[in-house]
Each structure stands twice: as structure tokens, then as C-alpha cells.
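Down below is the structure, laid out as C-alpha cells.
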Amino acid sequence: MSQTSDLSWHQSTEENGSQPPLSLQNVHVSYRTRAGSVQAVRGVTLDLLAGESLALIGESGSGKTTLGLGIVRLLVDTAEVSPGQIIYRRDGRELDVLSLAEGPLREFRWRDCAMVFQSALNAFNPVLKVWDQVWDTAKAHNWNNRSEVRERFLDLLRFVQLDPDRVIDAYAHELSGGMRQRTLLAISLLLDPQILILDEPTTALDILTQRTIIDLLRRLKEDLHFTMLFISHDLAIAAELADRVATMYAGQVVELGPVSEIFYRPRHPYSLGLIRAVPTVTGGFEELSSIPGSPPDLINLPSGCKFHPRCPFASERCSREEPGLERVGDNHFAACWHTDAVQEDIERNGLRGRRAA
Amino acid sequence: MAPIIELRNVTKYFGSGRDQVTAVDAISLDIEAGEIVCLVGESGCGKSTTGRMVVGLLPPSEGQILYQGQDISAMERADYQDYRRAVQIIHQDPYASLNPTQTVRQMITAPLLRHQTQRGGPTANGSGRRGKRRDAERRAAELLEIVDLTPVADFLDKYPHQLSGGQRQRVSVARALTVEPKFIVADEAVSMVDVSIRVSLLNMLYRLKDEFDVTFLFITHDLALAKYFAWEGRITVMYLGRIVEEGPTPRLITDSRHPYTQALLGAVPEADPELARKKVHVELRSAEIPSLLNLPAGCTFHPRCPYFVPGQCDARVPALESIADGGTVACPVRKAESIQLV
């Protein structure tokens with residue numbers, strides 16, 4: 001595809017593959033509230049590798065969106081990131097994201113790391129036409145060549161399979177949900193960021209529209225080698241698009257590994273619980289089971305392993321000692337005292353119960 | 001016996017003149033007591049409008065809705081009240097459907113007290129107001145237990161904002177059960193609930209079917225959930241206000257015939273990486289859904305359909321025809337053609 005190769009100016013990602021473009025080191029985020037400190041993210045250490053798609057999965061309150069917003073420093077004023085470090089690397093330079101001043105931070109956002117938000121309608125200014133918003137963005141980043149910007153944006157609209165003439169002078173409300181999501185993707189690519197963070201990119205879209213967005217994201221990944229971080233509660237997004245998966249629970253990464261390991265050989269009871277709770281559409285009937293209880297109160301977290309009150313494998317130790325991420329296989333880590341029991345359970349009972357169609 | 005709910009050529013228009021849209025276009029549907037029927041389709045297909053008409057929240061523009069064989073628009077007052085009590089709805093958004101200023105106890109006892117008053121007669125605890133209140137409290141506690149909000153004492157005095165989404169939805173179900181319904185429309189009832197909790201909610205609803213003889217019309221955009229909940233029932237697929245295919249769930253999931261159903265099944269993202277990679281996606285001719293204000297002639301799916309036959313599909317609205325393996329399909333071109341998605 002000759003057209004797509006022009007869209008990305010950062011073809012060198014694979015050469016500097018030894019250094020991950022983004023490293024999170026022991027990141028904590030808490031929100032101050034009247035009821036106390038909400039510990040939304042607690043000690044996340046994670047590398048985003050060059051050219052990979054990493055999916056952060058977890059339920060509401062697991063800290064995945066907070067983590068995403070923390071990376072681009074868009075958290076509300078009541079949030080505090082401490083302790084922790086976020087290191088960004090591009091072409092040999094290294095940035096400490098959390099200590100960036102206002103000016104360099106604006107440069108970092110969008111040019112280095114772009115975020116596509118959950119609600120595509122709210123991401124647009126309702127009184128600006130799409131083009132005006134794009135032009136504002138370009139100018140804010142000191143790109144003042146109007147025809148160049150327009151040319152680039154038209155290319156991007158074609159890449160996301162939209163009719164440029166229909167979209168460029170439209171207001172957001174004139175576009176359908178799927179068109180808005182694709183327009184937003186095109187805008188996020190405007191300054192050729194190295195990293196794309198996508199928060200629930202297909203949630204609230206219809207099935208056939210979801211499919212076009214997933215196919216489009218796959219092209220970004222496979223043809224343009226973007227480094228992508230997906231944030232989703234939907235396991236299917238991870239299964240469709242991720243190279244690696246990080247399962248989050250109560251603000252921590254509790255399991256991290258290649259997508260096939262997490263889906264077929266999970267070693268953390270929470271990952272297994274999620275897989276056993278989600279039906280697939282193809283094939284015969286599956287027996288599903290849900291995880292008992294509810295997500296924890298982030299102000300008064302349980303002692304020991306935060307999942308132990310809901311965990312079928314929990315022992316006395318789990319209520320006392322909090323497990324850390326330990327290696328359980330090739331590039332596969334889990335934070336659980338009972339990873340062997342989880343493995344035995346899968347060997348004995350299978351991953352999911354299936355009845356013939 | 002007559003079906004518990006019957007829709008005969010039901011049509012619903014919204015607006016008028018040039019702005020008139022046909023949300024539901026002459027659909028017919030019989031639901032037998034004890035059945036589980038799933039209504040599946042994308043936004044704008046008319047599934048929620050249909051659900052709201054079934055419970056009497058919207059009058060049909062044309063056609064009839066029958067409850068136990070009786071046209072609800074021609075019922076005597078007492079029969080109509082009986083129907084409105086027997087047919088309940090659980091809404092999608094448990095954050096919007098519960099009164100934020102009432103406790104769980106108030107929300108559940110209020111309909112119980114009103115219901116008792118209507119029935120009249122002495123109760124186990126005497127006929128006084130206090131006796132009625134005691135009865136209502138006792139029943140409220142039973143209902144919370146049925147929807148697994150236990151220990152009950154922890155929940156009775158909670159306000160909605162103190163509950164999680166899943167717990168709120170259980171309160172909605174308990175509230176619907178106060179009037180001993182025979183038929184429940186569950187409109188995207190688990191869509192806003194976390195994945196780990198969805199299954200237990202569905203299993204709870206399923207239990208109600210057996211324990212209380214409740215018949216379900218389950219409305220969802222999520223085919224995987226429809227498959228799980230209605231495996232022993234039927235799925236009806238709607239597109240732009242019309243039913244395009246229906247049939248027993250196992251047949252519809254494994255051997256669908258309408259190109260729209262096939263496109264949907266192929267498009268659903270799968271929570272299984274191998275399956276996601278192998279699955280065939282039906283290529284549509286257009287990604288855009290036509291506007292309800294300006295529907296295509298003939299089969300409304302024809303501008304997107306990969307099997308479009310000019311002169312046929314864009315000329316006549318296809319009728320639902322029976323197919324051998326169960327159910328009906330509105331596609332004369334493809335009614336005999338299965339496709340292999342994996």
C-alpha cells in the first residue's frame with residue numbers, strides 16, 4: 001500500500017526496539033475525596049514495547065482509565081500521581097513525563113502520545129466544524145502551513161475510509177457514531193504520534209460499526225506499526241487486537257502476558273474468572289459462571305490480595321500477604337499465591353464448559 | 001391457549017409529515033407462556049420501541065397487541081389494569097430507573113402496599129394499616145433474597161447511590177416482582193453491568209422463569225448474550241423496523257440464513273484470539289445504515305447486502321417465509337443458503 005506508507009513518518013520504531021517507547025515505574029495515582037483517599041492505581045510497572053498493541057483489561061474501578069489519563073497527564077486536579085515515574089523515549093531522547101513543564105507537555109501530547117477518548121461525541125467541540133478543529137490543533141502545535149495540514153488530514157480521512165468532502169466541513173453532530181469515531185482516529189494521527197492510547201474505542205458502537213473500527217485499528221497496527229495501548233472492559237477487543245494483555249484489578253496489574261497465554265493459559269484467578277464469564281457467539285452453548293461479590297471499595301481496600309474476598313482459590317495466606325507479579329512462563333507474569341491451583345483447575349475442568357450445538 | 005403476548009402487524013410511527021419515521025413496520029410475533037424470546041438488532045432497529053409497546057408504555061400506530069388473546073386497546077378497565085400489572089419492564093440504565101431519594105425498602109414496599117390495597121381483604125397480620133405494612137416488609141425481604149441481595153438487612157436501608165450497577169439492577173428486578181408479573185420485558189437489562197456480574201444476573205432472571213412462571217422478552221444488541229440466555233428459546237432479528245429472521249436459538253446462531261444475520265454474527269468481536277483470527281467477516285457493500293427518514297425501497301438491507309439482486313431486492317418487500325430447520329427468514333434470494341463463519 002503506497003498510500004499508507006506516506007502516513008507514518010516514524011518507520012524506525014523497529015530498529016530502536018531495544019528501548020520501549022514508554023515505561024511506567026511503580027506508578028501510583030490517588031484521588032482526594034471527602035471520604036478519604038481513593039487509591040485508583042497502586043504500583044503499576046509496565047513497558048509498552050515499540051510497535052506492540054497492549055490491552056489493559058479490567059472492570060469499572062480497576063484503574064485502567066486513570067492510568068491512561070495519567071500517562072498523558074489529563075487527570076483532574078484532585079488526583080495525585082506519587083510515587084512513580086513515567087518515562088517516554090523517542091529517537092534516543094528520554095522524557096520524564098511527570099515532571100514536564102506546560103510547554104513541553106503540550107508538545108508531548110498529540111505529537112508523541114495521542115489519546116482517543118471513550119465518548120467520540122464529547123471529544124469534539126460542537127460549534128466547530130471538523131476542519132476548524134483540526135486546524136486549531138495543528139496551529140497549537142506550531143504547524144502553520146494550512147494547505148499542508150489540509151492535505152495530510154484529507155489523506156488520513158481516506159485512510160479511515162471516510163469521504164473527505166462529506167466530513168471535513170461537517171459538525172460533529174452531523175456524523176454517525178462510527179464516522180465520529182473514525183474522524184477522531186484521523187485527528188489523533190494528525191501529528192504522527194508514536195503512541196496511541198485508545199480508551200474503550202468500540203464501546204457504545206453498533207456491531208457492524210465496531211467491526212469497521214476493529215479492522216481499521218488492525219491496519220494501524222499491522223500496516224503502520226503504531227504502538228498502541230487499548231483500555232477496555234471488553235475481553236473481545238483484547239482478543240481481536242492485542243499482542244499482550246495486562247489484567248488490572250483494584251489498581252494493580254495482576255497478570256501480564258502474551259494474548260494467547262492470557263486467554264488460553266491464564267494463571268490469575270481473576271483473568272480466569274473473566275474468561276469464564278464472557279460468552280462467545282460462534283459455536284455451541286457454553287456454561288458460564290460469574291465472579292461472586294463486587295469490586296472492592298478503593299478507599300478501604302481489603303487486606304492481603306485485593307481479590308481474595310471474591311476468589312475461589314483464596315487461602316488464609318491471601319488475606320494476610322499481598323502477592324507481587326511473579327514469572328509463570330515466557331513473558332508471562334501473575335500476582336497470585338495459587339497460580340498452580342489455577343492451572344490444575346483448567347486442566348481438570350477445561351477453560352470453559354462447552355455443550356455441543 | 002392463546003399466546004401470552006401476540007403482536008399482529010404492529011407499526012409505530014414517530015413524528016408526522018416529512019419528519020415521520022417508521023420505527024416499527026408491521027411486525028407480527030407470538031410469544032407462548034414459558035417461552036424465552038430474544039429481540040436482537042442494532043440501534044434504531046425498533047427493538048426497544050417494540051418492548052415499550054408490549055408493556056403498554058407506547059400505543060401502536062397500527063395493528064394490535066394482544067395479552068392472553070385480548071386486544072389491550074379494547075380491554076375493560078379491570079382487565080387493562082390486570083394486564084399492566086402482569087406485564088413489567090426492566091430498563092437498561094439502573095442509574096436512571098431508581099428514585100435517588102428513596103431507600104430500597106421504600107421502593108419495594110410502595111408497590112406492595114398499593115397492590116394489597118387494590119386486592120383488599122384481611123392479611124396474615126390483620127387487616128389494619130400496621131398489619132399491611134408488616135406484610136409488605138416481610139415480602140420485601142423475601143424478594144431481596146430472591147434477587148440475591150443478601151444479607152437482606154444490609155440492603156433495605158440503602159439508597160441507590162450506595163449500590164453498584166449490578167445491585168441496582170437486582171433492585172429493579174425485585175421491584176418488578178412485587179406485582180407478581182407473568183411477563184417481563186428485559187430491555188438491555190445487563191448491558192451496563194460489569195462483565196463479571198452479568199452472568200449471575202442472567203442466571204437469576206433465568207431462575208425466575210422456572211420459579212415464578214415468568215415469560216421473558218429479552219431485548220439486546222449483544223448476540224452472545226442472547227445466545228446464552230435464550231439457548232432453549234428463540235431469537236428474532238430486527239433491522240430498520242422489520243423482522244428479518246427468527247428461529248430457535250441454536251439454529252439461528254449456527255445456521256443463519258438472512259445476509260444481515262450472517263453479517264452480524266460474523267462481525268461480533270470474539271473473546272477468543274483464535275476464533276477472532278479465523279472468523280469470516282461478511283463484506284457489506286456499504287458501511288452506513290440508511291436513515292429511518294429515507295428508507296430504501298424493497299428490502300431495506302439491499303443497499304448493503306452482498307447478495308443484492310437488482311430488480312428484485314429493491315422492488316418488493318420480502319415476506320417472512322418458513323424454513324425447514326425452524327423459524328422464518330425474509331430473504332427469497334438466500335433463504336436456503338448457509339455460510340460457514342469459522
(message) Using a Cα-Cα cut-off of under 14 Å, which aspartates and glutamates could be cross-linked to A:Lys139, ignoring same-chain neighbours fewer than 8 residues away?
(response) A:Glu107, A:Glu148
(message) Defining a contact as two alpha carbons under 8 Å apart and six or more residues distant in sequence, what relative contact order in percent does chain A show?
(response) 19
(request) For the stretch A:210-219, take each phi angle, set θ = phi - 60°, evaluate the Karplus expression 6.51 cos²θ - 1.76 cosθ + 1.60, and give the result in whole Hz per residue in order, putting x for glycine and proline. (result) 3, 4, 5, 5, 4, 4, 5, 5, 5, 5
(request) With θ set to phi - 60°, apply the Karplus curve 6.51 cos²θ - 1.76 cosθ + 1.60 along the stretch A:170-175 and write out the HN-Hα couplings as whole Hz, x wherever there is a Gly or Pro. (result) 8, 8, 4, 5, 7, 9
(request) Could you state the accessible area per residue of the protein assembly as shown in Å², with a 1.4 Å probe and every protein chain left in place? (result) 42
(message) Under 8 Å for C-alpha pairs, at least 6 residues apart: give me the relative contact order for chain B, rounded to a whole percent.
(response) 19
(request) For the stretch B:175-289, evaluate the Debye formula with one uniform point scatterer on each Cα (no solvent term) and list log10 I(q)/I(0) at q = 0.17, 0.19, 0.21, 0.22 Å⁻¹, rounded to two decimals. (result) -0.96, -1.14, -1.31, -1.38
(request) Divide the volume of the convex hull of the Cα atoms of chain A by its number of residues and quote the answer in cubic angstrom per residue. (result) 154
(request) Report, ordered by chain and residue number, the aspartates and glutamates lying within cross-link reach of B:Lys12, taken as a straight Cα distance under 15 Å and ignoring same-chain residues fewer than 8 apart. (result) B:Asp25, B:Glu62
(request) Tell me which residues come under 5 Å, amide H to amide H, from A:Leu22 once H is placed; ignore anything under 5 positions away on its chain. (result) A:Leu48, A:Arg89
(message) Taking beta carbons within 10 Å but only from partner chains, what does the mean come to for residues B:194-207?
(response) 6
(message) How large is the Kirkwood hydrodynamic radius of chain B, counting all unique pairs of alpha carbons, in Å?
(response) 21.6
(request) Tell me which residues come under 5 Å, amide H to amide H, from A:Val254 once H is placed; ignore anything under 5 positions away on its chain. (result) A:Thr247, A:Met248, A:Tyr249
(message) On a straight-distance basis, which aspartates and glutamates could pair with B:Lys132 in a cross-link, Cα separation under 12 angstrom, same-chain partners fewer than 8 positions away excluded?
(response) none
(message) Roughly how large is the A-B contact in terms of buried accessible area, totalled over both chains, probe 1.4 Å, nearest 100 Å²?
(response) 3800
(request) Could you list the square roots of 5 times each eigenvalue of the Cα gyration tensor of the protein assembly as shown, that is, the equivalent ellipsoid semi-axes, sorted largest first and rounded to whole Å? (result) 43, 34, 24
(message) Report for the protein assembly as shown the percent antiparallel among DSSP-assigned beta bridges with both residues inside it, nearest 5.
(response) 60
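The values are calculated or read from the model by the stated rules, or taken from the named source; none is laboratory data. For clarity, every value in this text was computed on a predicted model and none was experimentally measured. When we count neighbours, we look across all protein chains shown, and the Cβ atoms used for this are built from the backbone with ideal geometry, even at glycine. These accessible areas exclude ligands, DNA and RNA; they are computed on the full protein's heavy atoms, side chains included. Shrake-Rupley method; radii C 1.70, N 1.55, O 1.52, S 1.80 Å.
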